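The values are calculated or read from the model by the stated rules, or taken from the named source; none is laboratory data. What you are looking at is a predicted structure, and each value in this text was computed from that prediction instead of being measured. Reconstructed Cβ throughout: ideal geometry from the backbone, glycine too, with neighbour counts over all protein chains shown.
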């Protein structure tokens, strides 16, 4: 029998008075054997992250209090350790990959310094060996040009690159226990496959146990030995991966599996004739100054977009797919006029917008809105939700009463009740924060939405609701979307056409049906090959799981 590395017994974590329930986690028990991966799945707010942070002893004691239970790592009682003992344990024997890399990383330290800090704190005083180890870790994470990238700050990296830096920090000392809280949420499918393969190699080499929190059932199917399903702070089902994924015993588990997006050959909104163009992107190029080491840095430039052309029709959703760093987000920010282009034209309703400034640009803003990738970084932590959602509309001339009416309407359709208006962003889960970001965009009643990984942070059931919401809004308002995503299955659910980006260029475009059935470019084929859970998806399509009453 495989020995248990981590044991959690009857763990309860109390919420402060006035919460939506008395306990964030109630009587939770689970084991993580050495060399195995235990996946914890459940909707946003089910208590998954609270349970993981309780293991690391990172819960704020005045807000989330451990009310009972036991947590042991290799027989050592973690709840009995003092602060000094916990500091020695974290990083060396247990590491954690956090869900939101932008908040996990220090914005005023280079990413190389942050990886190196772990080594220094745990006794590696040889500067040359630390530098060598940092480069090795960044190479393992498949980060481009580690020698240059280690001198950059978190804001200079893409979302996927930041996530890989967080993973490098967690794996720096190759701990016995790795707690991964949605570690592949921001990653494209090829990088995700590399990270999962890396974790599996470490397990085989060192017998590492992994507590893996995710909402991606494809990932669960590929890596899990055991699965634990949580709902409202309770464990409602647990068992082997084969048992839970193919023969769920609880109705809630079945609902989650039913909500998993499947790769569809055609979307419901696909039309036979091309609609009139709302947005035309013509030969757009954009480059950044490359930052070098030293006082004055380098003088080279990095080409992010290289002659990109694309059209989005009235009422059409175009999916933009590619690896992290391929230029997807840069293109979205150029469309939003958050970045100026170096060359090329942007035409909105036939009018050039690439050179707009001042009042003309302000008049354009309500018509093109963005749903950002990282909801925590894009929401002002000092403002309440009511102000966050209505502020832009009021600044653009919408009367306050009308803005309030719109806010309550969109909060309802994104699944949030009126009580959220007086709360701050930090009081919500990651999925709830993303819904606030979507509400902020919809309240402007735009003609075009640039959705940058708008559902990547959401669990499958909420993701399904948001995709349904976006489809309904598009149908009702004739809304157009540039839908940026790394998830081909999600893109097939909502997009009429797909454009595939690679190294700043669009290498293939076509309808969902054409791309899904017969991808032409080798890079597109590699994306399809890297999608997780394909064998499981085929299996459940042929033999649908049935919940037991």
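Things to note:
Residues are listed down the side, and each one gets a yes or a no for (1) at pLDDT below 95; (2) in contact with a strand residue (DSSP E or B) (Cβ under 7 Å, 6 or more places away or on another chain):
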site	(1), (2)
60	yes, no
70	no, yes
92	yes, no
99	yes, yes
111	no, no
121	yes, no
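- Considering residues of the range 313-330 that are within 20 Å of residue 350 (Cβ to Cβ) and out of contact with any helix residue (DSSP H, G or I) (no Cβ under 9 Å at 6 or more places or on another chain) only, the residue surrounded by the fewest Cβ atoms within 10 Å (Cβ to Cβ): 314
- Residue-level check: of (1) under 30 Å from the mean Cα position of the chain (by Cα); (2) without any contact (Cβ under 8 Å) to a residue 40 or more places away in the chain; (3) on the phi > 0 side of the Ramachandran plot, residue 86 misses just (3).
- Flag if residue 82 is modelled with pLDDT of 90 or more and touching a strand residue (DSSP E or B) at 6+ places or on another chain (Cβ under 9 Å): no
For (1) at pLDDT 95 or above; (2) over 26 Å from residue 245 (Cα atoms), each residue gets a yes or a no:
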residue: 23; (1), (2): no, yes
residue: 38; (1), (2): yes, no
residue: 44; (1), (2): no, no
residue: 48; (1), (2): no, no
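- Restricting attention to the range 368-410, the residues being in contact (Cβ under 8 Å) with a residue 40 or more places away in the chain, part of a helix (DSSP H, G or I) and under 26 Å from the mean Cα position of the chain (by Cα) number 9.
- Within the range 473-497, the set of residues being assigned to a helix (DSSP H, G or I) and farther than 10 Å from residue 320 by Cβ comprises 473, 474, 475, 476, 477, 488, 489, 490, 492, 493, 494.
- Leading residue by the ranking (farthest from residue 195 (Cα to Cα)) among those in the range 153-162 that are part of a helix (DSSP H, G or I) and under 17 Å from the mean Cα position of the chain (by Cα): 155
- From 410, 389, residue being at pLDDT below 90 and within 14 Å of residue 445 (Cα to Cα): 410
- Test: residue 139 is exposed (fewer than 15 other Cβ atoms within 10 Å of the Cβ), more than 16 Å from the chain's Cα centre (by Cα) and more than 29 Å from residue 214 (Cβ to Cβ): no
- Answer from 205, 201, 226 - the residue that is free of Cβ contacts under 8 Å to residues at least 60 places away in the same chain, out of contact with any helix residue (DSSP H, G or I) (no Cβ under 6 Å at 6 or more places or on another chain) and more than 24 Å from residue 529 (Cα to Cα): 205
- Check on residue 525, more than 28 Å from residue 431 (Cα to Cα), surrounded by fewer than 23 Cβ atoms within 10 Å (Cβ to Cβ), over 18 Å from the mean Cα position of the chain (by Cα) and without any contact (Cβ under 8 Å) to a residue 60 or more places away in the chain: yes
- Any chance residue 500 is buried (at least 22 other Cβ atoms within 10 Å of the Cβ), modelled with pLDDT of 85 or more, touching a strand residue (DSSP E or B) at 6+ places or on another chain (Cβ under 6 Å) and outside any helix (DSSP H, G or I): yes
- Within the range 512-524, the residues that satisfy the criterion of being part of a helix (DSSP H, G or I) and at pLDDT below 90 are 512, 513, 514, 515, 516, 517.
- In the range 118-152, residue farthest from residue 84 (Cα to Cα) [restricted to those that are touching a helix residue (DSSP H, G or I) at 6+ places or on another chain (Cβ under 9 Å), part of a helix (DSSP H, G or I) and in contact (Cβ under 8 Å) with a residue 40 or more places away in the chain]: 140
- Test: residue in the range 222-237 that is in the same structural domain as residue 35 (by TED's automatic domain parsing), at pLDDT below 90 and assigned to a helix (DSSP H, G or I): no
- Answer from 210, 165 - the residue that is over 23 Å from residue 135 (Cβ atoms) and more than 14 Å from the chain's Cα centre (by Cα): 210
- The residues of the range 465-488 that are within 23 Å of residue 213 (Cβ to Cβ) and buried (at least 20 other Cβ atoms within 10 Å of the Cβ), listed by number, are 466, 485, 486, 487, 488.
- Qualifying residue in the range 424-438 (condition: in a helix (DSSP H, G or I) and either in the same structural domain as residue 183 (by TED's automatic domain parsing) or touching a strand residue (DSSP E or B) at 6+ places or on another chain (Cβ under 6 Å) (or both)): yes
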